[in-house]
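J.: Questions regarding the structure given below will be posed in turn.
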Amino acid sequence: MPIFIRGTGACLPGKVLTNDELSRRVDTNDEWIRTRTGIRERRIASEEEASSDLCYHASLRALEAARLGPETIDLILVATITPDTPFPATACYLQQRLDCRPIPALDLNAACSGFPYGLHLARQCLSGDPHCRHILLVCGDKMSSVTDWQDRSSCVLLGDGAGAVIVGRPEDSAEDGHPENSAGKSSSEGLRLRIIDVLLGADGRGADLILMPAGGSRRPASPQTLEQREHFFRMDGRRVFRESVQVMGECAEEILRRNGLSAGEIDHLIPHQANIRIIDAVAQRLQIPPDRVAITLDRYGNTSGATIPIALDEALRAGRIARGEKLLTLAFGAGLTWGAALLQSE
Ligand code: ACO
């Protein structure tokens, strides 16, 4: 049964943190950050805002684009590594704020691969449960809450944001607000995106390459963990760089191969936004020209799992995606996890 993305939305906090501002906090400079990462600035949430707040605003926009109300949602999936609290799930805070029915709501932790992981789960739930018609999938992170502002190699990379999609089944009618049956246009210009395929992978042998060392059951918070700055994002940047180029390239080739497609048939590559050099290397390997590659990291940095739905939302709202085009989204992140989703606009 075909499953569709029916609407998208994003939320980026208003506060902009530029490279120049960062260079007043740590020993870095705009030229290094721009040339080594492609990032010019990132958005930072206020102290009062938590991940669920970013998710809430992205969800409202996605619901509006899908012309659906919160009461029509049958399941909430929130992909986050910066939950409001370790428990309960951020999805429950979001459910309460959206005033949904008492539907199931859960978080998933796949770091920067949250979007393809969530899309896969949403697709399976919709295919397997006739009572499940609309799923809200939100990827949202307040990465600034786990950023070590003394570590120049990681603090320059991260930003805050959320991206949401409404995933639904095809037999929709005017009552549930299918864009084609509604007056006016959705933000996506009436397009919906059919999920052709999703491919996922993980390799826990790389778990130590990107992690927050403490605050879990292995190393609960203590004065020692605080002193050793173990409640912050840590990464072996060079190894992650090498792995991500290799794995994202292989993942893209595999999903194209098993769907009988060539990279030349992909109209839009929407990769996870971690480093422009990683994106360029993957695009080059696939021989996809730069004008077909979505870039947001220059303005938002790495917002973890939110980068792909934010870029997707931006491309749709800017009218860059035409009917009948094929999109390939590609993710890689902590775990290690990775994933790809093939979509077609209809
Ligand atoms: N400003 C100035 N110099 C810096 C900075 C900085 N912000 N950061 C590092 N340097 C220095 C290093 O100290 C090093 O100096 P040295 O040679 O004197 O030791 C030099 O620059 C080169 O360091 P490298 O680590 O080799 O720099 P590289 O070109 O690899 O860039 C970076 C580092 C940007 C972190 C890169 O490795 C990278 O992007 N890695 C992948 C990140 C990623 O994909 N993350 C995704 C996962 S995130 C998630 O899952 C939530």
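The values are calculated or read from the model by the stated rules, or taken from the named source; none is laboratory data. The structure presented is a predicted model; accordingly, all values stated were derived computationally and were not measured. For neighbour counting, all protein chains shown are included, and Cβ atoms are generated from backbone atoms with ideal geometry for every residue, glycine included. Ligands, DNA and RNA are stripped out before the accessible areas are found, and what is left, the full protein with its side chains, is counted by its heavy atoms. Shrake-Rupley method; radii C 1.70, N 1.55, O 1.52, S 1.80 Å.
J.: Give the range 36-54 a look and list any residue that's open to solvent by 50 Å² or more (accessible area, probe 1.4 Å), away from the ligand (no atom under 13 Å from the Cβ) and of a type outside the set (D, E), or say none. Reasoning before the result, please.
T.: Kept after step one, since they are open to solvent by 50 Å² or more (accessible area, probe 1.4 Å), are these residues of the range 36-54: 36, 40, 43, 47-49.
Okay, now just the ones that are also away from the ligand (no atom under 13 Å from the Cβ), so 40, 43, 47-49.
Answer for the range 36-54, where residues must be open to solvent by 50 Å² or more (accessible area, probe 1.4 Å), away from the ligand (no atom under 13 Å from the Cβ) and of a type outside the set (D, E): R40, R43.
J.: Tell me which of these P2 doesn't satisfy, since it passes every other one: (1) open to solvent by 20 Å² or more (accessible area, probe 1.4 Å); (2) in a loop (DSSP other than H, G, I, E, B); (3) over 14 Å from G168 (Cβ atoms).
T.: Among (1) open to solvent by 20 Å² or more (accessible area, probe 1.4 Å); (2) in a loop (DSSP other than H, G, I, E, B); (3) over 14 Å from G168 (Cβ atoms), the lone unmet condition for P2 is (3).
J.: Just to be sure, is A58 closer than 30 Å to D280 by Cα, in contact with a Pro (Cβ under 6 Å, 6 or more places away or on another chain) and in the same structural domain as G114 (by TED's automatic domain parsing)?
T.: Judged against the criteria, A58 is not a match.
J.: In addition: When you scan the range 12-118 for helices (runs of 4 or more DSSP H) that lie fully inside it, which ones turn up with 1 or more residues that are in contact with a helix residue (DSSP H, G or I) (Cβ under 7 Å, 6 or more places away or on another chain) and touching a residue at least 60 places away in the same chain (Cβ under 8 Å)?
T.: Of the helices (runs of 4 or more DSSP H) lying wholly inside the range 12-118, those with at least 1 residues that are in contact with a helix residue (DSSP H, G or I) (Cβ under 7 Å, 6 or more places away or on another chain) and touching a residue at least 60 places away in the same chain (Cβ under 8 Å) span 19-22, 30-37, 51-66.
J.: Surrounded by fewer than 19 Cβ atoms within 10 Å (Cβ to Cβ), in the same structural domain as A202 (by TED's automatic domain parsing) and within 14 Å of the ligand (Cβ to nearest atom), is that true of A322?
T.: It is false that A322 is surrounded by fewer than 19 Cβ atoms within 10 Å (Cβ to Cβ), in the same structural domain as A202 (by TED's automatic domain parsing) and within 14 Å of the ligand (Cβ to nearest atom).
J.: Of all residues being more than 14 Å from the ligand (Cβ to nearest atom) and assigned to a strand (DSSP E or B) in the range 130-161, which is nearest to the chain's Cα centre (by Cα)? Just the residue, please. Steps first, answer last, please.
T.: Residues of the range 130-161 more than 14 Å from the ligand (Cβ to nearest atom): 130-138.
If we keep only those that are assigned to a strand (DSSP E or B) as well, we get 134-138.
Numbers: H134: 19, I135: 16, L136: 13, L137: 10, V138: 8 Å.
The qualifying residue nearest to the chain's Cα centre (by Cα) is V138.
J.: On to the next question. When the residues of the range 120-129 are filtered to those that are in contact (Cβ under 8 Å) with a residue 60 or more places away in the chain and either of a type outside the set (A, V, I, L, M) or not in a helix (DSSP H, G or I) (or both), which remaining residue is nearest to G161 (Cα to Cα)?
T.: Ranking the candidates gives H120 first.
J.: Given the conditions (1) at pLDDT 95 or above; (2) more than 16 Å from the ligand (Cβ to nearest atom), which single one is not true for A174?
T.: Here A174 meets the rest and fails (1).
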